[in-house]
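Read through the structure below, which is laid out as structure tokens, and then see the notes.
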Amino acid sequence: MQPTALAAGSSSTVVATPLRRLAVASTTTCAKEASDYGQCIVATYADVHKDTCKAEFDKFGACLRQTLKRR
Amino acid sequence: MLATRSRLPPLRSLASLSPSQINTATRSPLQVFDRHAKCLQKDRAAARDGGNRSRTVDYVRDDVANRMIERFRDIKRNFSSVLDLGSGSGHFAKLLESDQTKKVTMLDLSKLSLERDPDAEFEVQVERLVLDEEKLLDMIPRNSQEAIVSCLSLHWVNDLPGVLVQIKEALKPDGVFMGAILGGDTLFELRTSLQLAEVEREGGISPHVSPMADPRDMSNLMSRAGFTLLTVDVDEVSVRYPTMWELLDDLRDMGENNAIIGRRHLLHRDTLAAASAIYKELHGQEDGTVPATFQVIYLIGWKPAPQQPKPLERGSGKTSLKDALE
């Protein structure tokens, strides 16, 4: 266990703009929920309308909010 | 009057890029892009981090410039001067060689991106000119140019047929125009992901990726502008990114942000997150990266001149093709 400055700096502390944090949250922290939501869209993408995949997005969104809340 | 005076103007949550002098209700249908916003976006991209961010994302333009210089070298002719429309920092101009070209005039809307790189990096003599490509004939006299090139800038031009006519007018007879322009399949992954995300999350769509020229239309546009001996071909550059977010960052650093008139200045973060998830599931590769396609249309056209080779009259052929082939 060697917490180097590089490992600590490169992930989130240096580039912690809100958008960057959303990017990390949506692709890394909540990757599972993102993938579930994406697969729901891909399964129905010829006939997508508002809230087609609401259930999946609610889980994804909850994970995002949870991640972005704690610092 | 008194009541309104005491009321404060509504707070803006983010700075809109353009004071947008263009009234969306009265503009002509040919006005699609906000050129003022585009100029600011390019200036900012070139100035960010002393130009280093912009240099990092030169890969698309440099690659296309490389493919274009090959076509340019194939023209067996020497030029005393070449005009580079929308040159940016000189992606194409840097590749010109002094045995074929004496001088290049770089012309761009954005002063900062034009002056990003010093003269030392060019092999030929350089002149820089800040001018809107849409107003080419304001500064460039008619019948004055031996060759005009344009590498990935004409996709931000409002009136493409009009600009092609101006290019033809600025050329001397038998002058050549060579261009690379982004085609309609460019960034289709991003376009579809954002559309699906907006429809599913918000129930409507708004343009985030520009409309771009269809390759099939380009040869018609070129001949309508009066060019002869046309060559039009299509090529694709595909770039892989870790996620959609890096693509968005790089597009911004290229100065290729959205500049459609009447665009939404804000994308809800739920929609962005949804688009990122859809992008990955719909277009993602097996190695975990996401691809972005840049479709490039290469154009070559010549201004007509009496001494140019022309097709013979219809029916004037004396040799039968059947005899020649047998």
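The values are calculated or read from the model by the stated rules, or taken from the named source; none is laboratory data. Here the structure is a predicted model, which is why all the values come from computation and not from measurement. Neighbour counts are summed over all protein chains in view; Cβ atoms, including those assigned to glycine, are modelled from backbone coordinates with ideal geometry. Note: areas computed on protein heavy atoms with side chains; ligands, DNA, RNA excluded. Shrake-Rupley method; radii C 1.70, N 1.55, O 1.52, S 1.80 Å.
Does B:Ser80 meet the test of being of a type in the set (Ser, Thr, Tyr) and under 28 Å from B:Ser54 (Cα atoms)? So B:Ser80 does not fit the description; no.
Take B:Thr243 and tell me if it is open to solvent by 20 Å² or more (accessible area, probe 1.4 Å) and either under 17 Å from the mean Cα position of the chain (by Cα) or closer than 24 Å to B:Met68 by Cα (or both).
On the way: open to solvent by 20 Å² or more (accessible area, probe 1.4 Å): yes; either under 17 Å from the mean Cα position of the chain (by Cα) or closer than 24 Å to B:Met68 by Cα (or both): no.
Judged against the criteria, B:Thr243 is not a match.
If the condition is being within 14 Å of chain A (Cβ to nearest Cβ) and assigned to a loop (DSSP other than H, G, I, E, B), then region B:287-315 contributes B:Gly288, B:Thr289.
Would you say B:Glu236 is of a type in the set (Asp, Glu), touching an Asp or Glu at 6+ places or on another chain (Cβ under 9 Å), in contact (Cβ under 8 Å) with a residue 24 or more places away in the chain and more than 14 Å from every other protein chain (Cβ to nearest Cβ)?
Working: of a type in the set (Asp, Glu): yes; touching an Asp or Glu at 6+ places or on another chain (Cβ under 9 Å): yes; in contact (Cβ under 8 Å) with a residue 24 or more places away in the chain: yes; more than 14 Å from every other protein chain (Cβ to nearest Cβ): yes.
When the stated conditions are applied, B:Glu236 passes them.
Does B:Arg67 fit the bill of being within 16 Å of the chain's Cα centre (by Cα) and either basic (Lys, Arg) or assigned to a helix (DSSP H, G or I) (or both)? It is true that B:Arg67 is within 16 Å of the chain's Cα centre (by Cα) and either basic (Lys, Arg) or assigned to a helix (DSSP H, G or I) (or both).
Here B:Ile22 clears all of (1) modelled with pLDDT under 90; (2) assigned to a helix (DSSP H, G or I); (3) of a type outside the set (Lys, Arg); (4) under 27 Å from B:Ile260 (Cα atoms) except the condition numbered (2). Going through (1) in a helix (DSSP H, G or I); (2) over 12 Å from the mean Cα position of the chain (by Cα) one by one, A:His49 falls short only on (1).
Could you list all residues from region B:200-213 that are of a type outside the set (D, E, K, R), more than 19 Å from B:Leu247 (Cα to Cα) and either touching a strand residue (DSSP E or B) at 6+ places or on another chain (Cβ under 8 Å) or open to solvent by 40 Å² or more (accessible area, probe 1.4 Å) (or both)?
Here is the first cut: in region B:200-213, the ones of a type outside the set (D, E, K, R) are B:203-213.
Going one step further and asking which of them are more than 19 Å from B:Leu247 (Cα to Cα), we end up with B:203-206, B:213.
Correct list: B:Gly203, B:Ile205, B:Ala213.
Being β-branched (Val, Ile, Thr) and either more than 9 Å from chain B (Cβ to nearest Cβ) or loosely packed, with under 14 Cβ neighbours inside 10 Å (or both) is a description that applies to A:Thr67. Residues that are open to solvent by 30 Å² or more (accessible area, probe 1.4 Å), touching a helix residue (DSSP H, G or I) at 6+ places or on another chain (Cβ under 9 Å) and not in a helix (DSSP H, G or I) are absent from region B:247-254.
Among all residues of region B:129-139, there is none that is touching a Cys at 6+ places or on another chain (Cβ under 9 Å) and assigned to a helix (DSSP H, G or I).
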